[in-house]
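Undergrad: The structure follows.
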Amino acid sequence: MIELSNIFRILAFWISVILLSLSCAGSKSNKVIIPPFDGDRAFEYLEKQIAFGPRVPGSTNAENCRQYLIDFFTGLGAVVDTMMFTHFDKVTGKAIAMVNIVARFKGSGSDENQNYLLSAHYDSRPRAEYDSDTTKRMEPIPGANDGASGVAVLMELGNLLAKSRCRVNIDLALLDGEDWGRPGDLDEYFLGAKEMISDIKGKYKFALVIDMVGDKDLKIYKEELSLKYYPEISKLVWETAAGLGEKAFIDSVGDAIYDDHLSFMTIDLPSAVIIDFDYPYWHTTLDTPDKCSVQSLQAVGQVIITLLYRL
């Protein structure tokens, strides 16, 4: 997937990072003040999403949660755009209305080309096919960790970006239809990301996907495909975590995970996913807030906000 042009682009990326570091080191006036991430408040956002019930695409619960998210980011002063699209289910043929949300936060710098993307999915899975109770396997999952945790982190990041702008432009994308598909068939997963890439080629410097980061026993390894195709992005994240002494980020390679970052990679957008896939309640009706923790959201959020403000 990586050609020579991508190698040169990676080299250019790191040269720019080094030059920026030297520039900052040469002037105390350029010292960056990193705002503290509020894990307690992020956890409240997780619980508020769960209170709507399962956010299955096309449902009233999803619609109500979506309006809550739109109102939240609009209230922060972000420019909020929506992208509506329709998915026709392969099995039933039913038309499912889906909507992506993008909240845009302008940076304090003057460069309009310094755009970065963070995304999470706000939909929850329509089927709990791995539930230990076989009678519940056609029920939708609550999606506390698988969906709501990533959105909660983005919401608290929005609070910080609204109060104290970083130097670059940050777009926060809340994607629909990430978890619609059936096991073994990737065609109906990542629907929001697949829809989004038609309109963003060449727009962003890189993208970070935040998914399943609320697990109480949080251990985040470098995702194999992120590291293989765009290692510079994972390196930025894990070096930031190491500098903060954040133990939840494990400096070794984990499994290859299929997630929204792979869709972004198809348009040569350097991408990585931050995910703890070792979660025993995955795709079950037990994916509830009591399995998540303030400390996990705090750890991930502080690493990300530190990285963003140092760009």
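We did not get these values from a lab; they are worked out from the coordinates using the rules stated. Note that this is a predicted model, so its numbers are computed, not measured. Reconstructed Cβ throughout: ideal geometry from the backbone, glycine too, with neighbour counts over all protein chains shown.
Undergrad: So what J values fall out for the range 176-190 if you push phi through Karplus, 6.51 cos²θ - 1.76 cosθ + 1.60 with θ = phi - 60°, rounded to Hz, Gly and Pro as x?
TA: Taking θ as phi minus 60°, the curve returns 9, x, 5, 10, 6, x, 9, x, x, 10, 6, 4, 10, 9, 6 Hz for the range 176-190.
Undergrad: Antiparallel versus total DSSP beta bridges in the chain: what percent is that, nearest 5? List each step's numbers first, then the result.
TA: On the way: 16 of 34 bridges.
Taking every DSSP beta bridge within the chain, about 45 percent pair in antiparallel fashion.
Undergrad: Cβ under 9 Å from D287's Cβ, D287 left aside: what net charge do those residues give with Lys, Arg +1 and Asp, Glu -1?
TA: Numbers: positive: R125, K291; negative: D146.
Value of the local net charge: +1.
Undergrad: Turning to a different aspect of this structure: How charged is the neighbourhood of E112? Take every other residue with its Cβ under 14 Å from the Cβ of E112, and add Lys/Arg as +1 and Asp/Glu as -1.
TA: +3
Undergrad: Further question on the same structure: Quick one: what are the phi-derived ³J(HN,Hα) couplings along the range 205-214, Karplus 6.51/-1.76/1.60 with θ = phi - 60°, whole Hz, x for glycine and proline?
TA: Values per residue, Gly and Pro as x: 6, 7, 10, 10, 9, 10, 8, 6, 10, x Hz.
Undergrad: State the extension gain, in nm to one decimal, for the chain segment bounded by S110 and T82, taking 0.36 nm per residue of separation less the distance between their alpha-carbons.
TA: 7.5 nm
Undergrad: Using alpha-carbon pairs under 8 Å, 6+ residues apart, how would you state the relative contact order of the chain in percent?
TA: Averaging sequence separation for qualifying contacts and normalising by length gives 23 percent for the chain.
Undergrad: Taking each full run of DSSP H in the chain as one helix, which ones are at least 30 Å long along their axis (Cα atoms) and have mean Kyte-Doolittle hydropathy of at least 0.0?
TA: 4-25
Undergrad: While we're looking at this one, here's another question. Return the FRET efficiency for the residue pair D89, Y68: r is the Cβ-Cβ distance, R0 is 22 Å, and the value is rounded to the nearest 0.05. Kindly include the intermediate steps, with their values, before the conclusion.
TA: Numbers: r = 26 Å, r/R0 = 1.16.
With R0 = 22 Å, the Cβ-Cβ based efficiency is 0.30.
Undergrad: How large is ³J(HN,Hα) for each residue in the range 53-59, as worked out from phi by the Karplus curve 6.51 cos²θ - 1.76 cosθ + 1.60 (θ = phi - 60°), to whole Hz, x for Gly and Pro?
TA: Here the 3J(HN,Hα) series is x, x, 9, 5, x, x, 8 Hz.
Undergrad: Still on this model: What FRET efficiency do you get for K247 and I34 if R0 is 22 Å and r is their Cβ-Cβ distance, rounded to the nearest 0.05?
TA: E(calc), rounded to 0.05, equals 0.75.
Undergrad: With N set to the number of residues, divide the alpha-carbon radius of gyration of the chain by 2.2 N^0.38 Å and report two decimals.
TA: Details: Rg = 18.6 Å, N = 311, 2.2 N^0.38 = 19.5 Å.
Dividing the Cα radius of gyration by 2.2 N^0.38 Å gives 0.96.
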